[in-house]
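The values are calculated or read from the model by the stated rules, or taken from the named source; none is laboratory data. From a predicted model like this one, the values you see are computed outputs, not experimental measurements. Cβ coordinates were reconstructed from backbone atoms using ideal geometry, including for glycine residues, and neighbour counts include every protein chain displayed. Accessible surface areas use protein heavy atoms only, side chains included; no ligands, DNA or RNA. Shrake-Rupley method; radii C 1.70, N 1.55, O 1.52, S 1.80 Å.
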Amino acid sequence: MTTCKHSPIRLLLTFALAALALSSPHKSAAQDAMTCTKEITNAHMLGIGATNILDTYLSPEKYKGADIRYISHTLRNKPGKHWAQRIVHQANVSFANDRNDQGSLLGGLYTLDLAWLRRYDLADGRLLIRVGGMVDFNIGGLYNSRNQNNPSQMRLSMQIGPTASAECPFRLFGRQMHAGYELSVPLFGLMFSPNYGQSYYEIFTLGDYDHNAVPTTPFSAPSLRHMLTIDTKIWGATLRIGYLGDIQQAEVNHLKQHWYTHALLIGFVKQLKIWH
């Protein structure tokens, strides 16, 4: 009489081990095949600061006051690639008064900044430099409470120019921090402007064009925008504080305008990796 040497429990364990042995290599290969295809760093910031506005179409006076703005700053890059894309949405509202507090000026502007930058790693990777070009779109306007005729002025422009940024990690008071600096300088573009003495009624109702689409250069519209930020971890989140200097000015059609803003920034940074 013979006995079965393979009990049901032994057979079940044998099949389980065989299945595990066959499935493990495939699982490992699938994990190894997954790679990070895109890294996205997004910061949402609130800026509060001082502003100085001049628009001689509305008034020869300079108006000074407060500026509040929201900034969405996104950097997209692919690991191992040298090029990155930067997308910045910026919306601000300014409230200003003249030197005698007899008139007020309300301004609002939306800016879309698109940039493409090439990466350079320096100092054994401790300093990251990005250099490239940007295109900048602006739309908004100003309203002067004192004016009866032509109380408003529209802002509409498109500019291109170089842009650069630098990033550097460092430690302060035992905390790991990350410093960043960005600079954009528009060189050439196109902007809307009424001509000296021309009303908006003549432009949009009568259709009287008078050199209202004006090319801009560094000589007619010297401007720049720069930002210094410091990131640090706090309560499990990445806090960003910084400074924004936004210097926009132009002299076209015998009219002068500027919009200077210096603001304190505070916000949070999120980092996202996309795997395939």
Review point. Within the stretch 171-191, can one find any residue that is at pLDDT 95 or above and among the β-branched types (Val, Ile, Thr)?
Key: yes
Of those in the stretch 91-103 that are modelled with pLDDT under 95 and either of a type in the set (Asp, Glu) or open to solvent by less than 80 Å² (accessible area, probe 1.4 Å) (or both), the residue nearest to the chain's Cα centre (by Cα) is ASP98
Only one of (1) among the hydroxyl-bearing types (Ser, Thr, Tyr); (2) over 23 Å from ALA43 (Cα atoms); (3) at pLDDT 95 or above does not apply to THR111, and that is (2)
Of the residues in the stretch 223-269, those that are modelled with pLDDT of 95 or more, farther than 18 Å from GLY107 by Cα, open to solvent by 80 Å² or more (accessible area, probe 1.4 Å) and basic (Lys, Arg) come to none
Selection from the stretch 177-206 of residues surrounded by fewer than 15 Cβ atoms within 10 Å (Cβ to Cβ), touching a strand residue (DSSP E or B) at 6+ places or on another chain (Cβ under 7 Å), assigned to a loop (DSSP other than H, G, I, E, B) and among the hydrophobic types (A, V, I, L, M, F, W, C) yields none
Note on the stretch 134-153: residues loosely packed, with under 15 Cβ neighbours inside 10 Å and assigned to a strand (DSSP E or B) are PHE137, GLY141, TYR143, SER152
message = Within the stretch 207-218, does at least one residue satisfy the condition of being in contact with a strand residue (DSSP E or B) (Cβ under 6 Å, 6 or more places away or on another chain), part of a strand (DSSP E or B) and surrounded by 18 or more Cβ atoms within 10 Å (Cβ to Cβ)?
response = yes
Is one or more of the residues making up the stretch 20-39 at pLDDT 85 or above and surrounded by fewer than 17 Cβ atoms within 10 Å (Cβ to Cβ)? yes
(Q) Against the definition (within 22 Å of ALA84 (Cα to Cα), in contact with a strand residue (DSSP E or B) (Cβ under 7 Å, 6 or more places away or on another chain) and of a type in the set (Phe, Trp, Tyr)), how does PHE137 come out, yes or no? (A) yes
Filtering the stretch 104-121 for residues that are hydroxyl-bearing (Ser, Thr, Tyr), within 28 Å of HIS258 (Cβ to Cβ) and either under 23 Å from the mean Cα position of the chain (by Cα) or not in a strand (DSSP E or B) (or both) leaves a count of 2
Matching residues in the stretch 62-82 (surrounded by fewer than 21 Cβ atoms within 10 Å (Cβ to Cβ), modelled with pLDDT of 95 or more and more than 17 Å from the chain's Cα centre (by Cα)) number 4
Filter result for TYR201 (out of contact with any helix residue (DSSP H, G or I) (no Cβ under 9 Å at 6 or more places or on another chain) and either at pLDDT 95 or above or not aliphatic (A, V, I, L, M) (or both)): yes
